[in-house]
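Report on one structure; see the data block that follows.
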2 protein chains.
Amino acid sequence: MSEAQAFAAHSEQSGLAPFTLERRALRPDDVAIDIDYCGVCHTDIHFAQNDWGMTQYPVVPGHEIVGRVSAVGDAVTGFRPGDVVGVGCMVDACRQCEPCQEGLEQYCIEGPTLTYNGQDRHDHSITFGGYSEAIVVSDRFVVNIPEQLDPAAAAPLLCAGITTYSPLRHYGVKAGDKVGVIGMGGLGHMGIKFAKALGAEVTVFTRSENKVDEAKSQGAEHVIVSTDEAQMEAAAGSFDFMLDTVPVQHDLNPYLALLRHDGTHILVGLVEPIEPALHAGSLIFGRRVLAGSLIGGMPETQEVLDFCAKHDITCDVEMLDIHNINAAYERVKQGDVKYRFVIDMATLKGNG
Amino acid sequence: MSEAQAFAAHSEQSGLAPFTLERRALRPDDVAIDIDYCGVCHTDIHFAQNDWGMTQYPVVPGHEIVGRVSAVGDAVTGFRPGDVVGVGCMVDACRQCEPCQEGLEQYCIEGPTLTYNGQDRHDHSITFGGYSEAIVVSDRFVVNIPEQLDPAAAAPLLCAGITTYSPLRHYGVKAGDKVGVIGMGGLGHMGIKFAKALGAEVTVFTRSENKVDEAKSQGAEHVIVSTDEAQMEAAAGSFDFMLDTVPVQHDLNPYLALLRHDGTHILVGLVEPIEPALHAGSLIFGRRVLAGSLIGGMPETQEVLDFCAKHDITCDVEMLDIHNINAAYERVKQGDVKYRFVIDMATLKGNG
């Protein structure tokens, strides 16, 4: 066991504050990591505030973690001290079920162990995430960060990146496909980059005329203002895929009408009931598909990092001093970040 | 032009009554058919009663048509007088768009010309369906009825059959897959037969304990009473596909929970808004898919007939004198038919 400095929320309204936690002694398959960077995901805020009623306090958020290996357990062969590595949303799973055996640990039948607010499968302790100077993780859930990538800008690839990459790959998005990206936050801007890198013709949907230039600067070839009925009607039946990153309830029906026959609308941000009601006829007439997708498995999480290295893709980030985390949360809630805050963990160590 | 005897509805409440209609003179690609049998689809009732607000009276329903070729146009090479042939839900389409070129005329971008209550693309007349002694249809929309099939019991294959066969084929249902069939009417009982013929392990979902024996007699290996929570919970996460033939609003969420990861829930009966609301989380956690499917294209409509000949599959039918059509409609509305009425058109000619 060893102590590590971290930031934790202690109640629904407390905000985040310094916290000292215990890191477990290394198990044979464990990798100990000194954390350099951790992305700030909207999910962190939901857990810190207990928006979903499942938070166990104190909670140390953070599941977009990049750091350097400080030590490894006796059985670890894939990592050595000094390696630059990453940890995403999961730190364990049952490893036995069909999804686990397929490398789809995110769909583990027992449920994967989440990086924070999860329960360790061995000692049943609550897991603490990446807003910390160190973390200990089983090697199966650690990935290599390719040296070509800026490690700070690579951190959000562990959640925002894999979440958008995985469904584009699963559904076989390819050169010439017309892909719409709905929403232009942390997830959406990564979706644009991946769809373009896969050769697709990318259209960004935004609710505001003011964001057209920004969408184009992100690489969108076309921008449709979703509140403009004429623009929406002109696009009817023309998309192969719609990557929907919007995390709040919204009407899917106008977007389903934009899909061609056999087109697929992919939800990656919404976990709420779908309201207003989805019209079944929109799926039947056109053999359209509504699909969901959750992060990605460990092999694919390594794959997205290698893909990003090859295609020179990282997340657009704003570096953050961890002492400003509560203000950063407020800005995330306002959508005021382009496109992801990444905590520079040196700011924690310097003041720990 | 020639006259044909038929049955038509003349207003929302009129019911069906004898009607004399004009059949067009043969165009070069036309096939004239003397109708022997016509299945009774619930859609016929919706159109006769104008449930969807789009009926143009008089309407001659019927889109599960089997008969014999009486004459062909000059350019027709695929059919000869005497051939036993079928006509389904469509009699034309634009033939130019991408879906049409893929043989998916049901998804024609302009919309296919429906067999009844459609508008002919040449003379703009309203199309009349199969409750008639004769019909004239362009050869692309005529299929061969294999001689191994009982022609009366083959008629419902043109709608109920292809509607359930097409998605099972499109999604690649194969030996060993676990398929659930929801609903046990005209569509559902065909879905059971096709899923079994494709090698799947079939479970029927019924709301009533009383229908368990009936479901097993239809070939289901397992039956789940959907109102029994314990039975539903025991099946969680175990199905590859759910073929949902229910034509009225119902809660999809309990069924989505029964799908394994990457499982697909296929809607073929529902065209209403989906209420109660679908939980997006049910799709995201498990990468599940909600899909729709509409009848099938012309190549696949021929394929299902050939598949049925090979696998000795037809629809379970109750033969009907056309003069009893209004009473039969009431029975269909009560679900009191196993599983499809088929009009013996000799009853029309004998009393025409």
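Coordinate-derived values only; no laboratory data. All values reported here derive from a predicted model rather than from experimental measurement. All Cβ positions, even for glycine, are placed from backbone atoms using ideal geometry, and neighbour counts span all protein chains on display.
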> So what's Rg/Rh here for region A:161-292, counting alpha carbon atoms and using the Kirkwood radius for Rh?
Replying inline: 0.92
> About the Cα centre of region A:161-292, what is the dipole size in debye to 20, counting +1 per Lys and Arg Cβ and -1 per Asp and Glu Cβ, all else neutral?
Replying inline: 500 debye
> If you take the square roots of the eigenvalues of the alpha-carbon gyration tensor of the protein assembly as shown and sort them as a ≥ b ≥ c, do you get rounded (a/c under 1.5), prolate (a/b over b/c) or oblate?
Replying inline: prolate
> Using θ = phi - 60° and the Karplus form 6.51 cos²θ - 1.76 cosθ + 1.60, what ³J(HN,Hα) does each residue of region B:178-185 get, whole Hz, x for Gly and Pro?
Replying inline: 9, 10, x, 10, 9, x, 9, x
> Which chain A residue hugs the A-B rotation axis most tightly by its Cβ, and what is that distance in angstrom, to the nearest whole number?
Replying inline: A:Leu290, 2
> Want the number for B:Asn144 to B:Lys333: 0.36 nm per residue separation, take away the alpha-carbon distance, what's left?
Replying inline: 64.9 nm
> So what is the relative contact order of region B:17-135, in percent, for Cα pairs below 8 Å that sit 6 or more residues apart?
Replying inline: 28 percent
> Given the C-alpha centroids of region B:276-350 and region B:84-132, what is the distance between them in whole angstrom?
Replying inline: 19 Å
> Label-point separation (nm) for B:Gln101 and A:His311, each offset 7 Å from Cα along Cα-to-Cβ?
Replying inline: 2.7 nm
>> Under a crude label model (7 Å from the Cα following the beta-carbon direction), how far is B:Asp123 from A:Asp120 in nanometres?
In response: 8.3 nm
>> Students often get this wrong, so check it: of A:Lys174/A:Lys211; A:Lys310/A:Lys349; B:Lys178/B:Lys338; A:Lys211/A:Lys338; A:Lys174/A:Lys333, which have C-alpha atoms separated by over 22 Å?
In response: A:Lys174/A:Lys211; A:Lys310/A:Lys349; B:Lys178/B:Lys338; A:Lys174/A:Lys333
> Of all DSSP beta bridges in chain B, what percent run antiparallel (nearest 5)?
Replying inline: 55 percent
>> Between region B:214-246 and region B:1-24, how far is it from one alpha carbon centroid to the other, in angstrom?
In response: 42 Å
>> Compute the angle between helix B:298-311 and the longest alpha-carbon principal axis of chain B, please, reported from 0 to 90 degrees and rounded to the nearest 10.
In response: 70 degrees
>> Cβ neighbours within 10 Å, averaged per peptide: list B:159-170, B:144-155 in order, most packed at the top.
In response: B:159-170, B:144-155
> Mind checking the mean number of beta-carbon atoms from other chains within 10 Å of the Cβ atoms in A:270-276?
Replying inline: 6
> If Lys and Arg each add +1 and Asp and Glu each add -1, what is the summed charge of the other residues whose beta carbon sits under 11 Å from the beta carbon of A:Thr20?
Replying inline: -2
>> Averaging over every viewing direction, what projected area does the convex hull of the Cα atoms of chain A cover, in nm²?
In response: 17.1 nm²
> From the Cα gyration tensor of region B:243-314, with a ≥ b ≥ c the square roots of its eigenvalues, which class applies: rounded if a/c is under 1.5, or else prolate if a/b is larger than b/c, or else oblate?
Replying inline: prolate
> How big is D for region A:140-198, in µm² s⁻¹ as a whole number, if Stokes-Einstein is applied with the Kirkwood radius of its Cα pairs at 10 °C and 1.306 mPa s?
Replying inline: 128 µm²/s
> Over region A:1-53, what is the relative contact order in whole percent, taking alpha-carbon pairs under 8 Å and six or more residues apart?
Replying inline: 35 percent
> Taking R0 as 35 Å, what's the FRET efficiency between B:His323 and B:Arg27 from their Cβ-Cβ distance, rounded to 0.05?
Replying inline: 0.60
>> Can you give me the angle between helix A:186-197 and the longest principal axis of chain A, using Cα atoms only, in degrees from 0 to 90, rounded to the nearest 10?
In response: 70 degrees
>> Once the label point is set 7 Å along the Cα-to-beta-carbon vector, what list of distances in nm do you get between A:Glu209 and its counterparts in the other copies?
In response: 6.5
> Expressed as a rounded percentage, what relative contact order does region B:195-352 have, with Cα pairs under 8 Å and six or more residues apart?
Replying inline: 14 percent
> What 222 nm value per residue comes from the helices of chain B, counting each DSSP H run with n ≥ 4 as -39,500 (n - 2.57) and dividing by all residues, nearest 500 deg cm²/dmol?
Replying inline: -6000 deg cm²/dmol
> For region A:1-141, rounded, prolate or oblate, judged on the Cα gyration tensor with a ≥ b ≥ c (square roots of eigenvalues), a/c < 1.5 rounded, else prolate if a/b > b/c?
Replying inline: oblate
>> Taking B:Asp306 in one copy and the same position in all the others, each labelled 7 Å out along Cα→Cβ, what are the pairwise distances from the first, in nm, shortest first?
In response: 4.2
>> Treating region A:92-146 as a set of equal point scatterers at the Cα positions, no solvent, please give the Debye-formula log₁₀ I(q)/I(0) at q = 0.14, 0.27, 0.28, 0.31 Å⁻¹.
In response: -0.39, -1.16, -1.19, -1.27
> Taking the label point as lying 7 angstrom from Cα along the Cα-to-Cβ axis, what are the distances from B:Asn144 to the corresponding position in the remaining copies, in ascending order and in nanometres?
Replying inline: 5.9
>> Compute the angle between helix B:160-170 and the longest alpha-carbon principal axis of chain B, please, reported from 0 to 90 degrees and rounded to the nearest 10.
In response: 50 degrees
